[in-house]
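J.: Supplied in structure tokens, the structure appears directly below.
The values are calculated or read from the model by the stated rules, or taken from the named source; none is laboratory data. In this text, all values refer to a predicted model and were calculated from it rather than measured experimentally. Every residue, glycine among them, receives a Cβ derived from its backbone with ideal geometry; neighbour counts consider all protein chains shown.
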Amino acid sequence: MPELQTTNFGTVAFTPESVFEFPRGLPGFEERRRFVPVQNPASAPILFLQSLEEPSLCFVTLPVLVVDPVYRLRILEPDLEILQWKAGCQPRIGEDVLCLAVLSFQPSGPTANLLAPVVVNLRNHQAVQAVAPESDYSHQHALFPREAAVCS
Amino acid sequence: MLMMSRRQGETILIGDEIEIVIAHIGRSRVKVGIRAPRQTPVIAQEVKLVSEENRAAAQAPPPAVLRALVAQLQPAAHTLRPPSDEGSVRQDAGTKT
């Protein structure tokens, strides 16, 4: 099994079939095309997306339905093409695609990018960060709105 | 902001090198053609937002921050729908050293 040196997890073993292929990279990281999903039982349901090409590059994500159980996925045609998914029909979260919200850690608390979920075709592992310009979703959706926040 | 009314097929010029054509007007969206020098980046505003957000998100947070997040997620993950249907992809557990 191939192994990968990472800044966050040390050495990670992975199977080549588990790799997510981003033919266009991600916005801001257009040259980073291959990521390995890393799940640590202690930090479930968080899923880390570890770059195969840059040991220090790692995104922290959550399944989009954990963030918003009624999330509506709307993928534009160019992104469907990247996923090699037939045009005119949206894939279903969980059945056809894995849909992940990228987290970012602001001083005010963690936020999830619902404007542009990472979508992975479960059949071929082709992946894209699908910007949904016509949705009302925020790129900084607060995971724990202020009232509900548990302050330490 | 300068506002201009244009019909389908009409063009706006910005300086000598940038040309914007209103290619098609639909019910709720317009298709715009843009001709600009190669070195002028042209992207949708959302893509820039996502790009900045990705840069901010690109490093895993300190373990303590992550632990706090997981602790906060636990009750939520039980009351909300569990991500069981997201688990069908095979994932390799990371080994923390």
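J.: Within the stretch A:11-24, does at least one residue satisfy the condition of being at the interface with chain B (Cβ under 7 Å from one of its Cβ atoms) and under 21 Å from A:Ser104 (Cβ atoms)?
T.: no
J.: In contact (Cβ under 8 Å) with a residue 12 or more places away in the chain and more than 21 Å from A:Pro110 (Cα to Cα): does that describe A:Val67?
T.: Answer is no for this residue.
J.: So, one more: Suppose we filter B:Ser51, B:Ser5, B:Ser28 for residues that are over 26 Å from A:Leu76 (Cα atoms) and among the small types (Gly, Ala, Ser); which single one remains?
T.: After ruling out the rest, the residue left standing is B:Ser5.
J.: Within the stretch A:80-94, how many residues turn out to be on the phi < 0 side of the Ramachandran plot and surrounded by fewer than 18 Cβ atoms within 10 Å (Cβ to Cβ)?
T.: Result for the stretch A:80-94: 6.
J.: If you don't mind, another one. Would you say A:Pro37 is modelled with pLDDT of 95 or more and either within 14 Å of the chain's Cα centre (by Cα) or within 10 Å of chain B (Cβ to nearest Cβ) (or both)?
T.: Answer is yes for this residue.
J.: Hey, another quick one. Looking for whichever is at negative phi and either within 7 Å of another protein chain (Cβ to nearest Cβ) or modelled with pLDDT under 95 (or both) here; the options are A:Val97, A:Val150, A:Val119, A:Val64. Which one fits?
T.: Being at negative phi and either within 7 Å of another protein chain (Cβ to nearest Cβ) or modelled with pLDDT under 95 (or both) holds for just one of A:Val97, A:Val150, A:Val119, A:Val64, which is A:Val150.
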